Amino acid sequence: MGQSVSSGCIRMRNEDVEQLYEIIPRGAKVHIDGPITGSGKGEYKNLSVGSKGNLVQLVQERLKGMGLYQGPIDGIYDIRTENAVKNLKKITYYL
C-alpha cells in the first residue's frame, strides 16, 4: 500500500512541466514557495531535537535565509536549529 511520503519530489502536470521547460533557462536557480508540508491533513508537524528529514532541511533553509541559522543545512534538527527557532519566536512575538 502506498504512503504519503516524499524525498523532495514535486508533483506537477506534464503540460506545466513542458511550459516551465520553455520559460526557465537551463541552470537557473529556482525557489519553490508554498506550505511547508503541503495541504490537507497532517499539514503541521512537531519537530524537536533529534528530528530528521526534508521538513527539517526546509526549516533550516528558511531560517538561514532570515539570518537566524548559521549551521549546516543537513536535515538534522539539532540544538543550533532549536535556538534559531526560539529566536524566530522571539522576533515574531514582538511584531
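No lab work stands behind these numbers, since they all come straight from the coordinates. Bear in mind the structure is a predicted one, so any value in this text is a computation, not a measurement. A quick note on method: Cβ atoms are made from the backbone with ideal geometry, for glycine too, and the neighbour counts reach across all protein chains shown.
Here the label points at residue 89 and residue 45, each 7 Å from Cα along the C-beta direction, are separated by 1.9 nm in the simple model. What's the local net charge at residue 88, with K and R +1, D and E -1, over the other residues with C-beta under 15 Å away? Surrounding charge for residue 88 is +4. The local environment of residue 74, defined by Cβ-Cβ distances under 15 Å, has a net charge of +1 under the rule Lys, Arg +1 and Asp, Glu -1. Model label points for residue 22 and residue 70, set 7 angstrom from Cα along the Cα-to-Cβ axis, are 4.8 nm apart.
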